[in-house]
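Down below is the structure, laid out as structure tokens.
Any read-out appearing in this document is the output of simple, stated calculations on the displayed coordinates, not a laboratory observation. Computed from a predicted model, the values in this text were never measured in an experiment. Here Cβ is always computed from backbone atoms with ideal geometry, including for glycine, and neighbour counts include all displayed protein chains.
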Amino acid sequence: MARWPRAFQKELPLDILEFFCLTPLPGSENHQVLWKNGIAMEEDLNKYDVEHVCAPHPKMNKHEWEAIYREAWSLYYTPEHMKTLLRRMAATGGSMGSLVKVLVAFSTTVRLEQVHPLQAGVFRLRHPSERRPGLPRESPWIFWPRLIWQTLSKHVRLAGTIGRLLLMKTAIERDPNARAYLDQALEPVHNDEDETLGRAGRVYRLNEYAEPG
């Protein structure tokens with residue numbers, strides 16, 4: 001995903017962007033069409049959560065699709081872009097504190113927990129007796145030390161992200177010119193012609209990346 005569509009970051013006044021895998025949910029028309037055409041789909045209904053690949057893609061295999069889904073989060077929520085988002089929030093008079101809370105979750109959850117940010121929390125509650133049917137029971141001597149180590153290491157990285165964002169927030173708050181910040185996404189539209197051309201240009205560029213070339 002080297003040709004990441006920078007228009008999302010540079011041109012569109014978006015704060016939070018969420019990513020999902022196109023999923024033929026059971027009961028939907030897409031699922032019915034695929035089933036009637038004999039297209040193989042995921043048999044495990046637990047994976048129909050729009051975070052897992054459940055049906056084939058015309059140009060990507062399952063591994064490539066899953067890799068691109070995970071990579072999209074880190075490509076959008078870069079430290080540089082999160083700083084830009086905070087600067088935009090300060091310039092428009094919004095709450096940077098609220099934005100920091102959301103950025104922490106959306107920039108770390110997929111990387112640390114492999115789940116969508118809306119499914120995440122501060123601590124993941126697990127127990128060795130709660131494994132899915134058919135999987136062997138794990139020894140507590142293996143399960144608990146691993147869980148403790150994973151929890152500590154994840155929270156160290158989480159604390160690092162929180163610290164960096166708070167430093168960015170503090171620096172922007174102390175900047176006397178913070179309210180004067182302006183970039184392409186914040187530029188006002190002067191007339192209908194500019195708006196139409198802007199939209200057309202964005203659609204063209206985003207469509208370039210709709211499917212991997």
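Between ARG146, ARG174, ARG131, the residue with the greatest mean-square fluctuation in the GNM of the chain (Cα pairs under 10 Å linked by springs) is ARG131. Placing unit charges on each Cβ (+1 for Lys and Arg, -1 for Asp and Glu) gives the range 125-166 a dipole about its Cα centre, and among THR151, LEU166, PRO136 the Cα reaching farthest toward its positive end belongs to LEU166. Between the exposed loop cleavage positions of the chain, defined as GluC sites (Glu not before Pro) in a non-H, G, I, E, B DSSP state with at most 15 neighbouring beta-carbon atoms within 10 angstrom, the longest gap is 44-137.
Applying a DSSP loop filter and a limit of 10 other Cβ atoms within 10 Å to the trypsin sites (Lys or Arg not before Pro) in the range 47-105 leaves LYS59.
What shape does the range 9-161 take by its C-alpha gyration tensor, where a ≥ b ≥ c are the square roots of the eigenvalues and a/c under 1.5 counts as rounded, a/b above b/c as prolate, and the rest as oblate? Cα axes put the range 9-161 in the oblate bin.
Are any of the pairs LYS62/LYS101; LYS101/LYS154; LYS10/LYS169; LYS36/LYS62; LYS47/LYS154; LYS47/LYS169 more than 27 Å apart by Cα-Cα distance, and if so, which? Table pairs above 27 Å Cα-Cα are LYS62/LYS101; LYS47/LYS169. In the chain, a dipole from Cβ-located charges (positive for Lys and Arg, negative for Asp and Glu) runs towards its positive end, and of PRO79, ASN37, CYS21 it is PRO79 whose Cα lies farthest in that direction. Close amide-amide hydrogen proximity is noted between LEU25 and HIS31, each under 5 Å apart and 5 or more residues distant or on a separate chain (H modeled in the peptide plane; Pro and chain starts excluded).
Give the shape of the range 137-193 as rounded, prolate or oblate, defined through the alpha-carbon gyration tensor: a ≥ b ≥ c are the square roots of its eigenvalues, a/c under 1.5 means rounded, and otherwise the shape is prolate if a/b is larger than b/c and oblate if not. Taking the square roots of the gyration eigenvalues as a ≥ b ≥ c, the range 137-193 is oblate.
Full extension of the chain between SER139 and GLU43 yields a length gain of 31.7 nm, computed as 0.36 nm times the residue separation minus the alpha carbon distance. Assuming charge only on the beta carbon of Lys and Arg (+1) and of Asp and Glu (-1), the dipole of the chain about its Cα centre is about 980 debye to the nearest 20. The phi-based Karplus calculation (6.51 cos²θ - 1.76 cosθ + 1.60; θ = phi - 60°) puts the 3J(HN,Hα) values of the range 27-34 at x, 7, 5, 4, 5, 5, 5, 5 Hz, whole numbers, x for Gly and Pro. For the range 76-85, backbone phi angles converted through the Karplus equation (6.51, -1.76, 1.60; θ = phi - 60°) give residue-by-residue couplings of 7, 8, 7, x, 5, 6, 5, 5, 4, 4 Hz, Gly and Pro being listed as x.
In a reduced charge model with +1 at each Lys and Arg Cβ and -1 at each Asp and Glu Cβ, the range 94-138 shows a dipole moment near 100 debye about its Cα centre.
Of all the options LEU125, LEU25, LEU103, the one that moves most in a Gaussian network model of the chain with Cα springs shorter than 10 angstrom is LEU125.
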